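Okay, so here's the structure we're looking at.
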Amino acid sequence: MLEKLERTLKEAVESLKGITTEQDLHLWRSNNIGKKSVVTEAYAVLKDLSKEERPLVGKLANQVKQTLEKVYEEKKEELRKAALTESLQTEKLDVTLPGRAVQLGKLHPVTKTLRRIYKIFAEMGFQVYQTREVESDDYNFTFLNMPEHHPARDMWDTFYTKTEGVILRTHTSPGQVHAMREYHPEPIRVILPGMCYRYEQVNTRSEMQFNQVEGLAVGKDISFGDLKWVVSEFARRLFHPDVRTRFRASHFPFTEPSAEMDVECFVCNGKGCSVCKQTGWLEIMGCGMVHPNVLRYGGYDPEEFSGFAFGLGPERITMLLHRITDIRYFWRNDIRFLEQF
Ligand code: FA5
């Protein structure tokens, strides 16, 4: 056994020299100091040895084991250092290389337009008033002077919910009555932005979901002249300081009189082009004086109070500002489109 131990020691130290990987080192350890190694065998046979031999074998086994443990640890450290040096050489960090740009998120083009609109109206003293997208039939129609079975309801085809009388709003105008009921009898100057939903054919100019920004001013002695100035000034600040506006008579059940405001086409300066369909004018919003019935539903006495309201579509305005030809790009989530803004 003494001889066997001596030989094991010699052979193990020799074979250790050729080891270059951690895996082989692990195998070496289990072969030479592990459960099935000569050293472990030596301990196992101690009890069968003679009195003279036992201490000699025991001592040598201890020595061999200690020596092998020591060279194993040394080799392990050597391999660790070699691996480190190699990784430092091959994975060098080159601080002179240009950095990788972090991709920044962007605001949606319509959000950008909305923020411009908020800013312009804020400068004119209008607060943002948020109201619900899920509305009652009363707020969407009845309180806006469209009682049940009124034919004007056909102008806005609606998404109904399973709960009777609860619908997705077709315009932001119901917010007028919410704001009036909250503020009466104080004067009001608010804009009401948000999503609207219509059950209608989608095409290049019309989506099933789209934003609107409603405007509402209620007070004493508010006239159509105030409305004209506010919305024309808005157009000048949004499009161009010299942009001309015009008002065409129109009809909405909740305003009287009602109008559509057009701005002079800023692409062709009114000469006529494909953007304005050769008319020289672009339709921007519906507007008018708040109907006395709507004022009453809101809690204001129309003998004492008057007001104006308007409603515009930020998607259509964004299309004009950036010459976008199809409204469906906005909600298609195509990054190639969105990245351009
Ligand atoms: C209305 O919805 C009225 N509530 C506006 C109003 C408010 C008039 C206050 C008077 C007083 P209209 O249906 O025309 O009106 O819609 C207003 C704007 O919303 C349109 O000019 C357009 O810019 C936008 N819009 C309407 N339908 C769609 C649609 N399907 N897709 C995208 N934008 C739309």
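A few remarks follow.
- Centre-to-centre separation between the Cα atoms of the range 282-341 and those of the range 73-97: 64 Å.
- Nearest 10 degrees, 0 to 90: helix 174-183 Cα axis against the chain principal axis: 80 degrees
- GNM flexibility winner over the chain from Lys81, Lys220, Lys271 (Cα, springs under 10 Å): Lys81
- Crossing angle, helix 53-90 versus the chain [Cα axis fit, 0-90 degrees, rounded to tens]: 40 degrees
- Low-density loop positions, chymotrypsin sites (Phe, Trp or Tyr not before Pro), the range 186-287 - DSSP coil, at most 14 other Cβ in 10 Å: Tyr199
- Per residue accessible area in Å² of the range 109-338, where ligands, DNA and RNA are left out and the probe is 1.4 Å: 49 Å²
- Folded to 0 to 90 degrees: helix 2-17 orientation relative to the chain principal axis, Cα: 40 degrees
- Here the gap between Leu79 and Ala249, fully extended at 0.36 nm per residue and compared with their Cα-Cα distance, gives a gain of 52.3 nm.
- Excluding exposed DSSP-loop GluC sites (Glu not before Pro) (at most 14 other C-beta within 10 Å), longest clean stretch of the chain: 201-302
- In loop segments of the range 82-114 as defined by DSSP, the trypsin sites (Lys or Arg not before Pro) with at most 13 further C-beta atoms inside 10 Å of their C-beta are Lys92, Arg100, Lys106.
- Gap separating the Cα centres of the range 24-50 and the range 149-197, nearest whole Å: 88 Å
- Positive-pole candidate from Val39, Ile117, Leu192, dipole of the chain, charges at beta carbon: Val39
- Electrostatic dipole magnitude of the range 1-89 [Cβ: Lys, Arg +1; Asp, Glu -1; Cα centre; debye, to 20]: 260 debye
- 14 Å cut-off, amide nitrogen to a point 7 angstrom out along Phe224 Cα→Cβ, residues in the range 294-312: 307-309
- Trypsin sites (Lys or Arg not before Pro) within the range 1-71, DSSP loop, no more than 10 other Cβ atoms inside 10 Å: Lys35, Lys36, Lys51
- Considering only Leu238, Gly58, Phe254, and ranking their Cα positions along the charge dipole of the chain that arises from unit charges at the beta-carbon of Lys, Arg, Asp and Glu, the one farthest toward the positive end is Gly58.
- For the range 2-90, the mean projected area of the C-alpha convex hull, equal to one quarter of the hull surface, is 5.7 nm².
- Computed magnitude of the charge dipole of the range 109-338 (debye, nearest 20; Cβ of K, R +1, Cβ of D, E -1): 1120 debye
- Computed helical MRE - 222 nm, the chain, DSSP H runs ≥ 4 contributing -39500 (n - 2.57), nearest 500: -12500 deg cm²/dmol
- Farthest toward the positive end of the dipole of the chain, out of Cys268, Thr8, Ile324, is the Cα of Thr8, where the dipole comes from beta carbon charges about the Cα centre.
- Here the label points at Ile335 and Glu69, each 7 Å from Cα along the C-beta direction, are separated by 5.7 nm in the simple model.
- Extension gain (nm, one decimal) between Asn31 and Arg328, 0.36 nm per residue minus Cα-Cα: 99.7 nm
- Entries in Lys112/Lys162; Lys35/Lys92; Lys162/Lys220; Lys162/Lys228; Lys47/Lys75; Lys228/Lys277 that, when Cα-Cα distance is taken, lie over 30 Å: Lys112/Lys162; Lys35/Lys92; Lys162/Lys220; Lys162/Lys228; Lys47/Lys75
- Counting only cysteine Cβ atoms and a cutoff under 4.7 Å, the chain contains unmatched residues Cys196, Cys287.
- Scaled to the globular estimate 2.2 N^0.38 Å, the Cα spread of the chain, given as radius of gyration, is 2.07.
The values are calculated or read from the model by the stated rules, or taken from the named source; none is laboratory data. Note that the coordinates shown come from a computational prediction; the quantities given were computed from them, not determined experimentally. Methodologically, a virtual Cβ is constructed for each residue, glycine included, from the backbone with ideal geometry; neighbour enumeration extends over all protein chains shown. Note: areas computed on protein heavy atoms with side chains; ligands, DNA, RNA excluded. Shrake-Rupley method; radii C 1.70, N 1.55, O 1.52, S 1.80 Å.
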